[in-house]
Amino acid sequence: MTTQDDSMLGRARVSDTPELEAYYGELAGLEAGALWTVANKIEPWYPQPTSVPVLWRYSDLRPLVRKALDLVKADDAGRRVVMLVNPGRRDVSAAVGLLYTGLQIMGPGEAMTAHRHQAAALRFVHEGQGAWTIVDGEKLRVGPGDFAITPNGTWHEHGNEGEDEPVIWQDGLDIPLVNALDAGFYEVHPELYQRARPVVNASVLTYGGNLLPYGVEKWTRPYSPLLAWPWEPSYQALRDLARTGEGSPYDGVIMEYTNPVTGGSVMPTMGAHLQLLLPGQATKAHRHTGSVVYTVAKGRGVSVVGGQRFEWSKGDIFCVPSWAWHEHENLDQSDDAVLFSFNDFPVMRSLGFYREEEKCD
Ligand code: GTQ
C-alpha cells in the first residue's frame, strides 16, 4: 500500500495563522471557502462511511413491530413500518449508506392504498401466509422467504388476505440515495386502488422457469420483468449449486437474483443475493465499496463486520458499511445457513465506483 500521511507532499498541509483565519472569514462572508482547509476530508484516502456495523435482533424488534398493529392504522401511517436506523445515518433514515430498510406489519384482512415513487423497493417476507402486493396491475402472492420487487415508478399496494396471522415483511428501498440526488417524487393513485389483472404471479409464470418466453412483448424497461422469486426454487437452486462446490471464498455458495432478460441486477439501483454457508463453513474476510443489508433466512452463525462480532439466527438483520472488512461463519455443524441480502452494487458498478479487496494476513 502507498503511504497515506496527510503531512506528505501531495496532501493539503497548510497550518492556520491569524492572517489565514481572517482570510477564511472574508471568504465565508461571500459563501466561499479555501479548498485546502477541507481537501483531505472531502478527498479521503479510502471511503470513510458514517454508517457503523449494526445487528438488529428479530426477537427484540418483533414485539415492537407487533405493537404497532394496535397503535396506528395502516392507512393512516401510509405504511406501518418499523425502520432500522443506523446511528451514523439518522439524518437520512438509512440502515446503512444510502439504503433504507424496515419491518412492515399488516394485520389479517388489511389492505392499503396504492402509490408510486421515484424510490425503488424490494420485499423479503419474514412471517405470515397471506401477504400480497399489486405491482403495476400484477397481483403477487408472497410467503415466508419469498423475495419481490417494486421497481421505481411502478404503482404498488399491499395487503394481507390471511385470516388469523399478521404478516411481517422487510422492505428495502433506495430512499436515501434518491434523496441524496434530489430526485424524489411521490404520487397517490388517482383511484386509490389498482385493478389487478386476473392472473396472480403472472411474471413468475412467464419468466420464472429459467427459459425465455417467445411471443410475449419485448421487454425494454430497465428492471426485471420477473417481479417475485419464491423461496423454494431459490433455496433449491442454492442447494444444487452447493453440490458442485464450496462457492466463493468470501461468500460461500452465493447466487444473485437476476433480470432474466439481461442477466443483470433486478433493478438499476439495488441488487439482491441469496447465499448458503455449508455446515461449519467459514469464509475469508474481504471488503468492497457499496453497502449491504443482510437478513438471516435460515440457520445460525456469526459474522465479523468491521471488527465487530455479530452472532445471528433466523430473522436477524445486520449491515455491512462500504469498505468494511467482513466474514461469515455457519455455527451449525449439521445444517446449512442461508443469508438473504440486498445492496447498492448496481449503482457502484454503473458509476465505475466498485472496488473489492481480500484480506491478506
Ligand atoms: O411499501 O411503498 O418501508 O414507500 C417505506 C416507504 C415501504 C412502500 C417502506 C415505502 C414503502
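Quick notes on this structure:
- If the convex hull is drawn through the Cα atoms of segment 30-94, its volume per residue in Å³: 138
- Listed from fewest to most Cβ neighbours within 10 Å, the set L69, L84, L64 follows the order L64, L69, L84.
- Per-residue Cβ neighbour counts within 10 Å put E327, E26 in the sequence E26, E327, beginning with the fewest.
- Here the Kirkwood formula puts the hydrodynamic radius of segment 1-149 at 20.1 Å, using every distinct Cα pair.
- Maximal additional length on extending the Y354-Q48 stretch stands at 108.7 nm, based on 0.36 nm per residue less the C-alpha distance.
- Residues E19, E110 arranged by fewest to most Cβ contacts within 10 Å: E19, E110
- Cross-link partners for K284 among the lysines, with Cα-Cα distance under 23 Å and sequence neighbours closer than 8 places in the same chain left out: K298, K314, K359.
- Shape summary of segment 210-264, radius of gyration then Dmax from alpha carbon positions: 13.8, 41 Å.
- Helix content alone sets the calculated 222 nm mean residue ellipticity of the chain: runs of n ≥ 4 DSSP H residues at -39500 (n - 2.57) each, divided across all residues, give -4500 deg cm²/dmol.
- Segment 286-349 and segment 149-183 have Cα centres lying 22 Å from one another.
- Rounded to the nearest 0.05, the FRET efficiency derived from the C-beta distance between Y193 and E163 at R0 = 30 Å is 0.90.
- Scattering profile of segment 146-265 at q = 0.11, 0.17, 0.19, 0.23 Å⁻¹ [log10 I(q)/I(0), Debye over alpha-carbon scatterers]: -0.54, -1.20, -1.36, -1.49
- The coefficient of translational diffusion for the chain, derived via Stokes-Einstein from the alpha carbon Kirkwood radius under 25 °C and 0.890 mPa s, stands at 111 µm²/s.
- Mean shadow area of segment 289-361, taken as a quarter of the surface of its Cα convex hull (nm²): 5.3
- Gain upon complete extension [D6, L331; 0.36 nm per residue less C-alpha separation]: 112.8 nm
Read-outs: derived from the displayed coordinates by stated rules, not from any lab. Please read all numbers here as calculations on a predicted model, not as lab measurements. Cβ: placed from backbone, ideal geometry, glycine included. Neighbour counts: every protein chain shown.
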